[in-house]
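Working notes for the structure below.
The numbers here are math on the coordinates, done by the rules we state, and not lab data. These figures come from a predicted structure and were not determined experimentally. Here Cβ is always computed from backbone atoms with ideal geometry, including for glycine, and neighbour counts include all displayed protein chains.
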Amino acid sequence: MPQEHEIDLSMALNKFHELGLAEGDLGYAHWHQVARLLERAVTMQTEIDALSKQFEICRTKLARIKVSG
C-alpha cells in the first residue's frame, strides 16, 4: 500500500541530471545536491507519516486507559 505522501521522483531526478550535465562541473555538483535534498525530504516525509501513525495508536491506547481507569 503506498504511503500517504509517496511520489515518483524519477522525472525530477532525471531533469536534475540533465541540468547538471548541461551546466558543467559546478552545475552538476549543484543539481546533484538538489537531487539528494529532494530524496532526503521524501524519506523524512515517510518517517513523519510512520511516526504520526504510531502517535495516533498511542493516543488511542491512552484514551482507552483513561476511560477504563
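Against the numbered list (1) assigned to a loop (DSSP other than H, G, I, E, B); (2) over 14 Å from the mean Cα position of the chain (by Cα), L21 comes up short only at (1). Considering only residues in segment 44-65 that are among the hydroxyl-bearing types (S, T, Y) and under 15 Å from the mean Cα position of the chain (by Cα), the one that is surrounded by the most Cβ atoms within 10 Å (Cβ to Cβ) turns out to be T46. Answer yes if at least one residue in segment 27-36 is loosely packed, with under 11 Cβ neighbours inside 10 Å and of a type in the set (A, V, I, L, M, F, W, C), and no otherwise. Taking every residue of segment 27-36 in turn, none turns out to be loosely packed, with under 11 Cβ neighbours inside 10 Å and of a type in the set (A, V, I, L, M, F, W, C).
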